[in-house]
1. Does C:GLY25 qualify as being within 9 Å of another protein chain (Cβ to nearest Cβ), under 26 Å from D:ALA306 (Cβ atoms) and surrounded by fewer than 16 Cβ atoms within 10 Å (Cβ to Cβ)?
2. What residue, of B:LYS35, B:LYS71, is in contact with a His (Cβ under 8 Å, 6 or more places away or on another chain) and either within 29 Å of B:ILE214 (Cβ to Cβ) or surrounded by fewer than 18 Cβ atoms within 10 Å (Cβ to Cβ) (or both)?
3. Out of the residues in the stretch B:120-143 meeting the condition of being away from chain A (no Cβ under 14 Å) and surrounded by fewer than 24 Cβ atoms within 10 Å (Cβ to Cβ), tell me which one is farthest from B:ASP293 (Cα to Cα).
4. Is at least one residue of the stretch D:189-198 at the interface with chain C (Cβ under 8 Å from one of its Cβ atoms) and under 26 Å from A:TRP278 (Cα atoms)?
5. Among the residues of the stretch C:238-257, which ones are over 13 Å from B:LEU279 (Cα atoms), at the interface with chain B (Cβ under 7 Å from one of its Cβ atoms) and touching a strand residue (DSSP E or B) at 6+ places or on another chain (Cβ under 9 Å)?
6. Only one of B:ILE117, B:ILE90, B:ILE113, B:ILE95 is modelled with pLDDT of 95 or more, under 30 Å from D:ASN8 (Cβ atoms) and either buried (at least 19 other Cβ atoms within 10 Å of the Cβ) or within 14 Å of chain A (Cβ to nearest Cβ) (or both). Can you tell me which?
7. Scan the stretch C:294-314 for residues that are more than 24 Å from the chain's Cα centre (by Cα) and not basic (Lys, Arg) and jot them down.
4 protein chains.
Amino acid sequence: MIIVMKPNVSKEKIQDLKTKLNGRGIVVNLWEGEKYSVLGLLGDTSSINPSQIQADECVDKVLHVQEPYKKANRLFHPEDTIIKVGNEEIGSSKIAVMAGPCSVESEEQLIGIAERIKKSGAGFLRGGAFKPRTSPYSFQGMKEEGLNILKKAREITGLPIVTEIMSTKLVEKFVEDVDIIQVGARNMQNFDLLKELGRTKKTILLKRGLSATIEEFLMSAEYIMAGGNDNVILCERGIRTFETYTRNTLDLSAVPVIKKLSHLPIIIDPSHAGGMWWLVEPLAKAAVAVGADGLMIEVHNDPVNAKSDGAQSLKPEKFDSLMKSLRQVAKAVDKEI
Amino acid sequence: MIIVMKPNVSKEKIQDLKTKLNGRGIVVNLWEGEKYSVLGLLGDTSSINPSQIQADECVDKVLHVQEPYKKANRLFHPEDTIIKVGNEEIGSSKIAVMAGPCSVESEEQLIGIAERIKKSGAGFLRGGAFKPRTSPYSFQGMKEEGLNILKKAREITGLPIVTEIMSTKLVEKFVEDVDIIQVGARNMQNFDLLKELGRTKKTILLKRGLSATIEEFLMSAEYIMAGGNDNVILCERGIRTFETYTRNTLDLSAVPVIKKLSHLPIIIDPSHAGGMWWLVEPLAKAAVAVGADGLMIEVHNDPVNAKSDGAQSLKPEKFDSLMKSLRQVAKAVDKEI
Amino acid sequence: MIIVMKPNVSKEKIQDLKTKLNGRGIVVNLWEGEKYSVLGLLGDTSSINPSQIQADECVDKVLHVQEPYKKANRLFHPEDTIIKVGNEEIGSSKIAVMAGPCSVESEEQLIGIAERIKKSGAGFLRGGAFKPRTSPYSFQGMKEEGLNILKKAREITGLPIVTEIMSTKLVEKFVEDVDIIQVGARNMQNFDLLKELGRTKKTILLKRGLSATIEEFLMSAEYIMAGGNDNVILCERGIRTFETYTRNTLDLSAVPVIKKLSHLPIIIDPSHAGGMWWLVEPLAKAAVAVGADGLMIEVHNDPVNAKSDGAQSLKPEKFDSLMKSLRQVAKAVDKEI
Amino acid sequence: MIIVMKPNVSKEKIQDLKTKLNGRGIVVNLWEGEKYSVLGLLGDTSSINPSQIQADECVDKVLHVQEPYKKANRLFHPEDTIIKVGNEEIGSSKIAVMAGPCSVESEEQLIGIAERIKKSGAGFLRGGAFKPRTSPYSFQGMKEEGLNILKKAREITGLPIVTEIMSTKLVEKFVEDVDIIQVGARNMQNFDLLKELGRTKKTILLKRGLSATIEEFLMSAEYIMAGGNDNVILCERGIRTFETYTRNTLDLSAVPVIKKLSHLPIIIDPSHAGGMWWLVEPLAKAAVAVGADGLMIEVHNDPVNAKSDGAQSLKPEKFDSLMKSLRQVAKAVDKEI
C-alpha cells in the first residue's frame, strides 16, 4: 500500500502516521519529495483499513500495490483450475457448452430441447426454474416444479444441469438437486448468498454484475472461496454501458485479463450480452477465439412463444449449425468442442 | 406498445401477427408506410410479452408507450406520498435527515453519536449492523448485537432507527426491531428479498443500484408495492460511471425525474456518492436545492478509527455546522429542516 | 511516480531499470517487499514517459502521485482565478449568468431575447452561429450572419456575447468579434483548436467532453494555458452514462472537485445536461447550491419553433421567475446573482 | 416518427398538432388509447425537427421508427461496400491488416518496421505524424517531417500509408500525401473536419469516439458521405466504460451490429482498446472471429523506448507469430489474411 500525503503536511504529522502504522507491526518506508511525501507499506497490510487511512486529513490518496483477492489470485495458485462436473470438465482444452431455454416451461419443452442440444454436442443443460425478472408482473418461473423437470431431463439425457438460485432458503435443495448452481448478475454482490454457497462444495457459476469491475467480480468469487468452496466458474455476460443498441456490451477483454489475474475458469454468455439471436453466432465465435473456457447459450424450440428471452434464443437447428462452426474456430485456437 | 416491422415484410406476415394479437383481445392499429409498417397496440398490453414479439423474425423493434410500473406511477396516484415513521414524516415540506455512523461499533460510540446528531436536528439514526463489504476479509458488522445497540440508542434518544437488511432470513427480526429497513444498492434487484419485504407493512428505504436506470429503480419499488407494502422511500446514492475521482457520480437529476414519474419520496445519500467527507456539504446543499425529500449522512466521532467508510464520514461538529447551512438552503426553496 | 514490478522479477532486472532511470537524473527509491518490489520516483518525473515504463515486461503497473496539469493546478496557484469580461466577472461571489437561444435564428429573435434576459438579470448573451449537429441534414447555424446579429445584440443591450467556435480557420474572426469563445463538448480534445486558442488572450469557455474525466478536462484547459492564455472558464454540461431518461447525467460533484484541484472558475449548463426544460430550474438551483461560479441557460421566445434544442429551452417569463428563485438560493450560500 | 401525447391532453390540442403537421405535408394517423393518444407520422419526416415537437408541452415523448442515416444505411444499399486502396481491398473476404508504430520517430525506425510487417503479411503501414496527446507536454509527433518519412517508407515497401489528420488546414496536403486519412476517436464529431473530408475522394478511416453510440458513429460517417465521399472505413477501438483495468472496453458486438445496419467496412484496433501488448493477440483473434474486415495493430521495434503507446505495441517477431495464428482463425470463418 502506498500512502501519498497532502502537499506541505508537517514532518510531525507524517511521523505520527508512521508511528501509528509501525505500532500495528507494519514496516513503513518514507520518501520525502519536494512537494509530496509518500509512505510505502510493505508486507502484509491486511490489518489496515484503507478507509481509515483515507480519513486522515493529512492523506491525499491511497494507492494499492497488491490485489485484494487471495484464493482467486493466480499469483498464489499458478496452474489453471479445472473443475469436474460429472464426466465433463470446465477449464481444460475442451470448451464447455451449456445450452437450453431461458426458463423451464414444461416437461415436454425441456426434454425436447435437452435431447436436441445433446445431439449437437452440448455438455450441460441450462434452464431457469426461479427467474429474476425486472417486473413483478412477469413470469417468475416454475420454481420447485421446474427443478423436478430439470432432474427428469438429466435422467433422460445424462446432461448435468445448471440453474439459477435466488434465495438463501433454497441452498440445501439446490445442492441436492442440481449440478452447477448459478448466481445471477443481479446477485453477484448478494454477499449473504455467496457466503452460504461458500459453505457447500457444489460448483458455482458466478455471473459478473452489470456494473462490476473485474476486481469486484474476483472479490465475489473470493467470498465463495473464503468459505471453503473452490469450485467457482466465472461467467462474463455483458456489462452496462452507454450503448443501448445491444442489451449489454460484451466485455471479451475480460477473458484474457481474468486468465492473467486468476486461475479460475471463465465462460461467456453471448445470449444475454447481445440480447438478440442473430448476435449469438458472431459473439460465440469471438468468445472461443479470445480464449473462453466455455459458453452458455439460450436455445428454445419456439422462441416467439418463449416465456422469457425469446428474442435472444436460438432454435435447435441454428444451435446445431453454430456448434459446427464453433468447432472450426476452436480448432484454430488449439481447442476442441 | 408500438411494433415496427422490418422493411419489406409481406402483408400476409403482418396480418398474421395482427391476428395473433387480436386473438389475445388486443386492439391493433396498422399503419403502412412506404418502407416500414407499424402496429400500434392500444389499451392494456400487459398480457403480451415484448420479448416474444421481438423474437418474431419479421419484427424490427418494439417501442414502449406506457411506463411498466403501476403502483409507483404518479399517473395513477397524483398526490405525493408522505410516509410517517414515529413522529417524523418523509415526503412533506420538512426535509428528513438520517444521520449516524456507517457501522455500529459499540454502545458508547453509537449512543454518543446519536445524542450529537439529535442535538443538531437529525430526525433519524442510521447505523449498519449487517455490512455488505466488497471483501470477505473486511469487518462484516456487529450483526444481532448491533441491532440491540441500535434499539438502545433509540430508547435513549427517541430517534427512529434505519439499518440495512441483507438476508431474507432476518425479515421478521428486522420488522420487529427497526423503524425503517434499508435495502442496499447491491440488493436493489435481489427480488427474493424485495418480495418478502413487500409482505410486511414496514417502511422500506430502497437504494438505487449502481447501474440501475430510473425505470429499473421504480420497478424494484413496484416489487415491494405489488406485495402490498406502499411504504417505500427511494434513495439515490450515486451511480457508476467512467469518472473515478469520486466514488460514484451523484445523479441529482434523478430527483426531479422521479418526482415527475412517481409519487414516492426520494432522498439523497451524499456520503456514499462522493466517498469523501469534504464533498458531503456541497452535495447535501445541492440535494436540498434540487428538491430531495431527505438526506442520509454518515457521521462518526472518530473517522480515522471508523471500521468502515471513515473517509466519507463527518465529525459531529461538522455535521452540526452543515445542518445550519442546510437550513438556509431549505428556506430558499420553501422547505424546512 | 510509483513503479510496481511484477512478482518474482530478478534483482538484476530491477537494478537495470533503476540504473536507466538514474541515468535520466531521477532519484529512485527501492522497496523490496516479499512478493513485490516497488520503485518510488521523487522529484520532477516529467522527462519520463509512463508508457515506456509500462512497456517494460518486468513492470506490473505504474501509479501516479502527482497530477499531470501544472498551470491549471491549484497547488501552484492557490487563489481562485477571477476572469473579467467587460464589466462582468466570472469566478467571484457574483454568479455569472449566460442566457440566450441555442441558435441565432434572426435579428428580431435574438435582440428580443437579449432584451428580455438582460431585464431578468443575465450578465451575458449566448447564442450559436456555427452549430455542431449530430446530423449533416440538421440546421447548421446562420454562420457569419449569425455573428453579425450577435454583435448587433451586444451593441443594443451592452451584454458581452458568448458563442461556439468549430473551426481553427475562424479563430481570428472570433477573437475580433466575440467576448467569450466557447469550445463545445465534442471539441474538448480537438487539440489543434485548443492550441490555436492558447495563442490568443481571449476568454475561452471550455465545455467538458461527454466522456471526459475531470483530469482530462483539466488537461484540455492546460493545453490552452500552456500556449499562454490563462483566461479559461470550465463548464460542466452533463456526462454520458447508462441512464437515458435524461439527455446526459449532470455531474455536480465535479464543481467541488474542480474547486479543490484547480483555481479556474467552473460554471454549469443545466439545459444541455437534462435536455428538458422542466429540469432546468431544479438543476440550476442545485448548481448554485453546490458552488458553481455561473450558469449557462437556453432561453427561447418560441421553443416549439426553435431551430434547435427547443425541448430544453425556457421561455423568457420562465427564465425571469427562475432568476428570482436563484437569487434566494444564492443568498443561502453567501453569493449573489 | 411516433408522438406520444401526455395523458389527458384535450382533443383540441391533439387536433392542433395534427393540423400543424398536416400543414407540412405529413400524413398523420391518430390513435386514441384510454390514457394515451399517439400520433403516427408516416412517409418522409425529414422536414420535421423532433426537438420542436418535444418542446410542445402536450407531448410526452417522441419515438423514432427510421434510422437517421441514409447513405450509410444498408437498407438503401444492400451490398457490402468494398474499398480499393492501391492493390489492396477493405471489405472483401481478405482481412486488411494495417500495422506500424504509434508515432513515426525516425526514418530508420519506420522503414525497419515497415519492412518487417510487410514480410509478415500486413497490407498497409500505419504511423502517426501528428499526434493527439492528452497532455500538451507530451511528444506531439514529427509533423510534416513524419509525413515525408511515411512517403519514403511507402516508396520502399509499396505499402499504402495510413495516418491521422488533426487539422482542417492540412486536408489538401494529406489528400496529396497519404493513402488513407485517419480521423481519430477524439475528432469523430469534429464536424468541420468531417465536412472538409467529405469534399475529397480520399479513403477515410473513421474511428469511433470514446462515448459514441453506434448511431452517432454512423451519423459521422454520413457527414463525410453527405459531402460526396463514399470511401469510409469504420474502426471500433474501444469505448469508455466504468472498467479501468483495460484502457477501453472493446465493443466487438459493434461489428455484427454495424454489418446489419450499414454496408460500410468495419475494422478493429485491438491495440488502443486493451492498452497492453499481451491483450492484442486474443482480441485480434476475436475480432477476426466476430467478422471484422480488418485490423489496425501497433508494432514497434523497441517498445520500451517508443515515444508513445509503447505498452500496447507488439515487437515485430510477436506480430509475425500473431499473423500466423490469425490465418488459422480467418480460415475457420471462411476468410483469409
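The values are calculated or read from the model by the stated rules, or taken from the named source; none is laboratory data. Remember, it's a predicted structure, so these values are computed and weren't measured experimentally. As a convention, Cβ positions derive from the backbone with ideal geometry for all residues, glycine included, and neighbour counts pool all protein chains shown.
1. no
2. B:LYS71
3. Within the stretch B:120-143, the match that is farthest from B:ASP293 (Cα to Cα) is B:MET142.
4. Scanning the stretch D:189-198 turns up no residue that is at the interface with chain C (Cβ under 8 Å from one of its Cβ atoms) and under 26 Å from A:TRP278 (Cα atoms).
5. C:ILE239, C:THR241, C:PHE242, C:GLU243, C:THR249, C:LEU250
6. None of the others qualify; the one that does is B:ILE90.
7. C:ASN301, C:ASP302, C:PRO303, C:VAL304, C:ASN305, C:ALA306
Yes or no, residue by residue, for (1) outside the structural domain of B:SER211 (by TED's automatic domain parsing); (2) without any contact (Cβ under 8 Å) to a residue 12 or more places away in the chain; (3) touching a helix residue (DSSP H, G or I) at 6+ places or on another chain (Cβ under 8 Å):
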| site | (1), (2), (3) |
| --- | --- |
| B:PRO136 | no, yes, yes |
| B:PHE139 | no, no, no |
| B:MET142 | no, no, yes |
| B:ALA153 | no, no, yes |
| B:SER167 | no, no, yes |
| B:GLU172 | no, yes, no |
| B:ASP177 | no, no, yes |
| B:LEU193 | no, no, yes |
